[in-house]
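Shown next, in structure tokens, is the structure this report addresses.
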Amino acid sequence: ANFMRVIVDAAAPGLEHHRGSDLLCVVRALLKKIRRRVLVGDRVLVGAVDWADRRGMIEDVFERRSEVADPPVANVDRLVVLFSLDQPRPEPATLTRFLVEAESTGIPFVLVFNKVELVDEQTITYWRDRLKSWGYDPLFLSVDQQSGFAALEEMLEGQTTVVVGPSGVGKSSLINALRHNQNISEEDPIHKLLEQNSKWFGEQRVGTVSKKSGKGKHTTRHVSLLPVAGGGFLADTPGFNQPSLLKVTKQSLAETFPEIRKMLKENEPSKCLFNDCVHLGEHGCVVKGDWERYPYYLQMLDEIKIRETIQ
Ligand code: GDP
Ligand code: ZN
């Protein structure tokens with residue numbers, strides 16, 4: 001069976017003193033039958049509680065504010081889009097891809113540059129100014145030197161956060177650093193209970209072989225939320241390191257570029273002549289092509305057009 005750890009934040013009259021405690025829960029079979037998946041981060045209704053044994057059963061899942069597919073986490077409040085200033089250096093095209101993917105989730109995000117100690121002050125200023133011209137205000141820090149954390153930690157307060165970014169930029173290092181700033185007790189009885197009772201805890205990836213085909217190995221990712229300072233949570237598994245752009249359409253792509261949003265706003269109340277304008281220099285288009293990332297916009301538009309044609 002799969003177990004999930006559920007933190008109690010509300011309880012029936014007379015049971016209020018259980019708030020803040022946690023329960024080891026199984027998911028009700030009926031929920032699985034109707035294909036209601038319970039994700040980490042979900043708010044759930046728990047029944048059949050044995051308070052002495054700290055066990056219960058998840059009976060229902062409440063509506064989600066947001067959902068991230070990779071890693072699978074519900075009710076995410078913020079993404080941290082992590083890059084490094086060196087090893088590897090930021091690639092404008094890759095950066096743009098991640099920013100577009102992050103924008104397309106609709107979840108607020110902060111862009112963070114790691115490894116500041118590897119570069120000089122000029123390089124930091126260069127990237128700050130360049131990102132500003134794109135419409136972003138990034139944070140700069142060093143996980144190795146434990147510097148520049150204050151602003152980020154302030155943002156994580158009370159939020160559920162997922163770290164995304166390309167490989168090698170320090171995502172795992174950042175997650176570990178934020179975790180080590182905390183005192184999570186390995187002695188907590190629920191941790192032990194989970195370790196004894198399921199493969200789910202303490203193991204991030206479990207490969208399973210599909211029974212239907214007998215081949216086609218697919219990987220189930222298991223993710224947990226770590227408590228951080230100020231009552232927030234951080235997913236222990238980093239997210240999309242290869243943006244798929246699958247949620248972005250020909251029409252919605254423009255909305256993921258702050259530069260285009262700004263141009264459209266500045267021209268209000270006049271708009272592009274055609275409602276379905278994709279800003280390729282069509283007649284009556286108010287979006288000009290004289291900005292740095294316009295070539296990336298065009299490339300991505302092409303990619304999406306091809307995908308939409310195939311589908
Ligand atoms: P991930 O692939 O994004 O999860 O990156 P990792 O956390 O595995 O880090 C990749 C490499 O970058 C490792 O060798 C880390 O030790 C290194 N690294 C992480 N943070 C820093 C930093 O602030 N400065 C430097 N110089 N190296 C770092
Ligand atoms: Zn237009």
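The values are calculated or read from the model by the stated rules, or taken from the named source; none is laboratory data. Being a predicted model, the structure only gives us computed values, none of them experimental. Glycine also receives a Cβ, built like all others from the backbone with ideal geometry; neighbour counts cover every protein chain displayed. These area figures cover heavy atoms from the full protein model, side chains too; ligands, DNA and RNA do not enter into them. Shrake-Rupley method; radii C 1.70, N 1.55, O 1.52, S 1.80 Å.
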* So what's the range 112-159 giving for Rg/Rh, alpha carbon basis, Kirkwood Rh from the mean inverse pair distance? -> 1.01
* Structure fact -> So the carbon and sulfur contribution to the accessible area of the chain, 1.4 Å probe, in percent, is 49
* To do: Pull up the cross-link candidates among the aspartates and glutamates for Lys33, meaning alpha carbon to alpha carbon under 16 Å and not fewer than 8 places away within one chain.
  => Glu59, Asp60
* To do: Report the label-to-label distance for Ala12 and Arg307 in nanometres (one decimal), using points 7 Å from each Cα along the Cα→Cβ vector.
  => 4.7
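Once fully extended, how much extra length lies between Ile124 and Ser252, figured as 0.36 nm per residue of separation less the alpha-carbon to alpha-carbon distance?
42.9 nm
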* Alpha-carbon centroids, the range 130-161 and the range 44-86: separation in whole Å -> 23
* **Extended-chain gain in nm, criterion 0.36 nm per residue less alpha-carbon gap, Glu292 and Asn241** => 16.0 nm
* To do: Would you list the P(r) distribution for the range 1-141, with all Cα-Cα distances sorted into 10 Å bins from 0 and each bin expressed as a whole %?
  => 10, 30, 20, 17, 17, 6, 0
* Mind pulling up the Rg/Rh value for the chain? Radius of gyration and Kirkwood radius, both on Cα. => 1.02
* Asked: To the nearest Å, what is the center-to-center distance of the range 240-311 and the range 1-24, using C-alpha atoms only?
  -> 46
* Structure fact -> In degrees, nearest 10, the alpha-carbon axis of helix 294-310 is tilted away from the dominant principal axis of the alpha carbons of the chain by 60
* Asked: What full-extension length gain, to one decimal in nm, is calculated for Glu91 and Glu266 as 0.36 nm per residue of separation minus the Cα-Cα distance?
  -> 60.1 nm
* Asked: Which chymotrypsin sites (Phe, Trp or Tyr not before Pro) from the range 60-161 combine a DSSP loop assignment with at most 14 other Cβ atoms within 10 Å?
  -> Phe62
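If you keep only loop residues by DSSP, which trypsin sites (Lys or Arg not before Pro) in the range 7-51 have at most 12 other Cβ atoms within 10 Å of their Cβ? Present the calculation step by step, with values, prior to reporting the outcome.
Numbers: sites: Arg19, Arg28, Lys32, Lys33, Arg35, Arg36, Arg37, Arg43; in loops: Arg19, Arg28, Arg35, Arg36, Arg37, Arg43.
Within the range 7-51, the qualifying trypsin sites (Lys or Arg not before Pro) (loop, at most 12 other Cβ atoms within 10 Å) are Arg19, Arg35, Arg37.
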* **Sparsely packed GluC sites (Glu not before Pro) within the range 11-72, loop by DSSP, other Cβ within 10 Å at most 10** => Glu63
* Mind running the shape call on the range 262-311? Use the C-alpha gyration tensor, a ≥ b ≥ c as the square roots of the eigenvalues: rounded below 1.5 for a/c, prolate if a/b tops b/c, oblate otherwise. => oblate
